[in-house]
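What follows draws every value from the coordinates through simple rules; no lab data is involved. On a predicted model such as this, the values are computed, not experimentally measured, just so you know. Because the Cβ atoms are built from the backbone with ideal geometry, glycine has one as well, and the counts that use them run over all protein chains shown.
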Amino acid sequence: MDVPPLVDSVAGDDPDLPRVLVVGDSISMNYHDAAKAALEGVANYYRNEGNGSSTDHGVKNLEVWLGDYREKGRHWDVIQFNHGLHDLKQPYDATTGTWGDYAVPLEKYRENLEREVAILKKTEATLIWCSTTPVPNDNTGQYSRRKGAAVEYNRAAMEVMREHPEIQINDLHAFVCKTNAFDQWRMGNDVHFWSQDLQGLLGEAVAASIAKGLSDRRK
């Protein structure tokens, strides 16, 4: 599947501010506006066009999303990245009550993340791995996912990130699990966050993580 590159952003940038990029799936689309607003006056904020989907998709398209970062004004100071919810999809057989294979098996997921890290390091940006938000309960519908699968994939991701201690961690999974405002959301089975209030909380958490990355970069 072809993906569009980032819209040429230089003309709209504040040249006095750093440039940050978020690479992610529809969850990053949910909190995009809130995170961008929280970083207004702090950073020029961008995310990949469309849905970042799985790590298979990310490996194929990451360089497109990064753009011509070696050119003046098109560099990245901080990049937050995540894949997971599309990797952990599993077909569900209602007749037998059984789950099929993950869309991207755990070992392939690790390999893909290693490849992404290698690509991202070329930018010389401060890198932030964002953990995959929870699957609150089993969803056996069109986009079937199993409760607890995100824990397995986050564990695999951390095995990769521990080999790269310079990569910062934004544990958005823990944030959703521990914040009371998400109590009702955790009773459902939709992985998305449609409430503006919840989008705001996620956006603020992402903005805080990015702001820390920027601050650490200046030290």
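Values for this structure:
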item: Length released on extending from Asp101 to Asp216, taking residue separation times 0.36 nm less the Cα-Cα span; result: 37.4 nm
item: Formal net charge of residues neighbouring Tyr143 (Cβ-Cβ distance under 15 Å; K, R +1; D, E -1); result: 0
item: Which of Thr132, Thr179, Thr126 has the fewest Cβ neighbours within 10 Å, and the rest in rising order; result: Thr179, Thr126, Thr132
item: P(r) of the chain over all Cα-Cα pairs, binned every 5 Å from zero, in whole percent; result: 1, 7, 15, 19, 20, 17, 11, 6, 3, 1, 0, 0
item: Eligible lysines near Lys72 by straight Cα distance, threshold 16 Å, same-chain separation 8 or greater; result: Lys122
item: Inter-label distance for Ala174 and Ala11, nm, one decimal - labels placed 7 Å from Cα along Cα-to-Cβ; result: 4.4
item: Cα→Cβ-extended label distance, 7 Å offset, between Glu111 and Lys72, nm; result: 4.3
item: Nitroxide proxy distance, nm - points 7 Å out along Cα→Cβ at Asp183 and Ala37; result: 2.5
item: Mean-position separation - Cα centroids, region 56-81 and region 134-167, in angstrom; result: 23
item: Linear extension gain, Lys121 paired with Glu49, 0.36 nm per residue minus alpha-carbon span; result: 23.9 nm
item: Cα-based Rg and Dmax for region 141-205, where Dmax is the largest Cα-Cα distance (Å); result: 13.7, 39
item: Among beta bridges that DSSP assigns inside the chain, antiparallel share in %, nearest 5; result: 15
